[in-house]
1. How high is the relative contact order of the range 216-285, given as a whole-number percent (alpha carbon pairs under 8 Å, six or more residues apart)?
2. Leaving out ligands and nucleic acids, and using a 1.4 Å probe, what accessible area per residue does the chain come to in Å²?
3. Report, in degrees rounded to the nearest 10, the 0 to 90 angle that the Cα long axis of helix 99-113 makes with the longest principal axis of the chain.
4. Carbon and sulfur atoms: what percent of the 1.4 Å accessible area of the chain do they account for?
5. Above 19 angstrom, tally the Cα pairs of the range 283-393 and express them as a % of all pairs, no decimals.
6. Please identify the trypsin sites (Lys or Arg not before Pro) of the range 1-33 that satisfy two criteria: DSSP loop assignment and at most 15 other Cβ atoms within 10 Å. Which are they?
7. What is the local net charge at I365, summed over the other residues whose Cβ is closer than 14 Å to its Cβ (Lys, Arg +1; Asp, Glu -1)?
8. Compute and list, largest first, the equivalent-ellipsoid semi-axes of the range 85-239 from the alpha carbon gyration tensor, each √(5λ) rounded to a whole angstrom.
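The values are calculated or read from the model by the stated rules, or taken from the named source; none is laboratory data. In this text the structure is predicted, and so the values were computed from the model without any measurement. So basically every Cβ, Gly included, is an ideal-geometry build from the backbone, and we count neighbours across all protein chains shown. All accessible areas refer to the heavy atoms of the entire protein, side chains included, with ligands and DNA or RNA removed. Shrake-Rupley method; radii C 1.70, N 1.55, O 1.52, S 1.80 Å.
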Amino acid sequence: MSTLNYWNYPTEILCGVGALDQLAKRCRLAGMRKPLLVTDPGMLELPPLHEVHRRLEAAGIDYALFHGFSSNPALEEVTAGALALAEGGHDSLIALGGGSALDAAKGIALLSRDADGLRHFEWSQLIAQYPTLGDHPALDLPPLIAIPTTAGTGSELGREAVLTDTSRGIKIVVGHRELLARSVILDPVLTVGLPKSLTAATGMDALTHHLESLFSPLYHPMSAGVAIEGVRLVKEHLQRAVHNGTDLAAREGMLVASASAAVAFQKGLGGVHALAHPLGARHHKHHGLLNAVLLPYVLVANRPAIEADATRLARYLELPEASFDGLLGWVLELRSSVGIPHTLKEVGLDGEDAQWVGEQAVADISSSETNALPLQAGDYSRIYLNAVNGVLA
């Protein structure tokens, strides 16, 4: 899989080994003369940043680096990034890293044109005021090039960002049509150094996106089709990527599965994300890991609404048993094979905040309102406790 592929969904996507060589050209085509390069602190000494630096230097592109944010980017950190963009006279953004870098860059872009943008375009405000993308006001946001180094969030192809409001201990979702990147570069070489544990957690994150999108009750057959194929890509590539990190075909397959998920979840997400968002904000756990642990417990809770779709998916995946139980068994087996814990207790959660988590999950309308079944706070609290204690009932 060394051929450079070009797609448009509607963001232009350059995918394949060596795709990073297109960076300077994409900067020129987007009119980016002085970009701010946004990357997380853990990337500073790693090869992907050096490779980006080398290409920008060779092309004579002036840029500065911003890395002042955490793994769950906070509103105040994004505000500092917008200040750095303005003070440095930067006209554009390059995001390099996992979901935290991609989301931080989008938040910076939004704040650069609207000081109250994180409030104006928070999900509940979007739904109330801007029901379609055409309703979004023109903001002339700075162009963004997205270069993921993990394969899980799909944020590179999304028009949303997930940010943490530390004052309330919750995550919020902001969105705007102009947050779509001008170009997305999917180069599997940049993911080769990702540790096994992160490869597994981010890969299960991508799987969760596809499954929740497929099972959402919203009618969006195009996204449903992408979700079905996305699950197959995870089935084909995730174990190989985890157990042989230098397998470039597997790494590329997971990048495509991850990016495809952002197309799929136009159909909506669900209870896994509704629970993972408050848990991640309060306990500072990795989002992909939380999704991976929670996934089977939410599938079981949603079973009455998803059994028929699960059976069709199991048949498409050619599982030994074409049924809900067959699909659930495959998810559990895959999770175990890549080293994901079975319970939230194993990652340090005790369930004492179950009532609060349930209330916050219902309030997370970006995910809870498109869950396969309408769930109440008590339902979410019960699912959370089941995931803490390993009760698949």
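1. Result for the range 216-285 is 42 percent.
2. Counting only protein heavy atoms, the per-residue value for the chain is 39 Å².
3. 50
4. On the chain, the fraction of accessible area on carbon and sulfur atoms equals 54 percent.
5. Counting every Cα pair in the range 283-393, those more than 19 Å apart make up 47 percent.
6. Listed in order of number, the matching sites are R33.
7. With Lys, Arg at +1 and Asp, Glu at -1, the net is -4.
8. Semi-axis lengths for the range 85-239 are 27, 21, 15 Å.
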